[in-house]
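The values are calculated or read from the model by the stated rules, or taken from the named source; none is laboratory data. Keep in mind that what you see is a predicted model, and the values were worked out from it rather than measured. As a convention, Cβ positions derive from the backbone with ideal geometry for all residues, glycine included, and neighbour counts pool all protein chains shown. We work out accessible area using only protein heavy atoms, side chains counted, and drop any ligands, DNA or RNA first. Shrake-Rupley method; radii C 1.70, N 1.55, O 1.52, S 1.80 Å.
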Amino acid sequence: MAGAICLISLIMSLITRKRGEIIELIVPAMKPLFEYEREKLGIEYKKLKKRQIVCLVILTVMMFFEGIIIPNNGIINHGKSILYHWLPMSLLMFVVLNISTYLHIKKVDKSNLEELKGYANRTMLYGVIAGIALGVLTMMAIIVRVIFIVR
């Protein structure tokens with residue numbers, strides 16, 4: 001399911017690559033906002049979008065690979081509802097995405113063209129570091145849960 005969602009997101013990104021953002025197509029009133037961001041970032045905008053597509057390709061392949069390698073990767077419930085497993089992860093994703101969006105908007109608005117040079121590289125580096133940190137935290141939470149709570 002995660003692989004299918006990533007694949008749909010990748011296809012939408014490839015389709016809208018020339019036209020703009022998907023939200024811009026759905027809500028035309030946001031077009032000036034995205035034009036401002038494209039103008040402000042310049043060449044860094046194109047680099048950022050290319051890297052996002054590459055990351056989506058990698059993520060899609062990883063999700064499908066995991067689904068093929070581990071065919072029965074369902075969650076072990078142990079008598080608890082599915083909400084017990086997905087709610088904390090959804091809340092974490094919500095917080096991380098909002099913080100990331102806030103920092104991006106703040107950086108784009110308060111920086112000039114010179115300060116934005118290399119922005120795509122720094123953004124990718126910060127994303128990789130944050131992804132590794134969140135992955136380690138998630139794995140630690142799973143290990144703690146399996147060792148102490150499931151028994």
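Of note:
- Criterion (more than 23 Å from residue 39 (Cβ to Cβ) and not hydrophobic (A, V, I, L, M, F, W, C)) met by exactly one of 98, 121, 112: 98
- Residue within segment 82-104 that is at pLDDT 85 or above, more than 22 Å from the chain's Cα centre (by Cα) and in the same structural domain as residue 140 (by the TED database) present: no
- Residue in segment 21-41 that is among the acidic types (Asp, Glu) and surrounded by fewer than 13 Cβ atoms within 10 Å (Cβ to Cβ) present: yes
- Cβ pairs under 8 Å, 6+ apart, first in segment 1-14 and under 7 Å from residue 60 (Cβ atoms), second of a type in the set (Asp, Glu) and in a helix (DSSP H, G or I): 3/66
- With respect to the conditions (1) closer than 20 Å to residue 42 by Cα; (2) modelled with pLDDT under 85, residue 144 lacks only one, and its number is (1).
- Taken over segment 138-151, the criterion of being in a helix (DSSP H, G or I) and open to solvent by 100 Å² or more (accessible area, probe 1.4 Å) is satisfied by 139, 140, 148.
- Residue in segment 1-16 that is farthest from residue 52 (Cα to Cα), counting only those that are surrounded by 12 or more Cβ atoms within 10 Å (Cβ to Cβ) and of a type in the set (Val, Ile, Thr): 5
- For segment 120-151, residues that are within 17 Å of the chain's Cα centre (by Cα) and of a type outside the set (S, T, N, Q) total 16.
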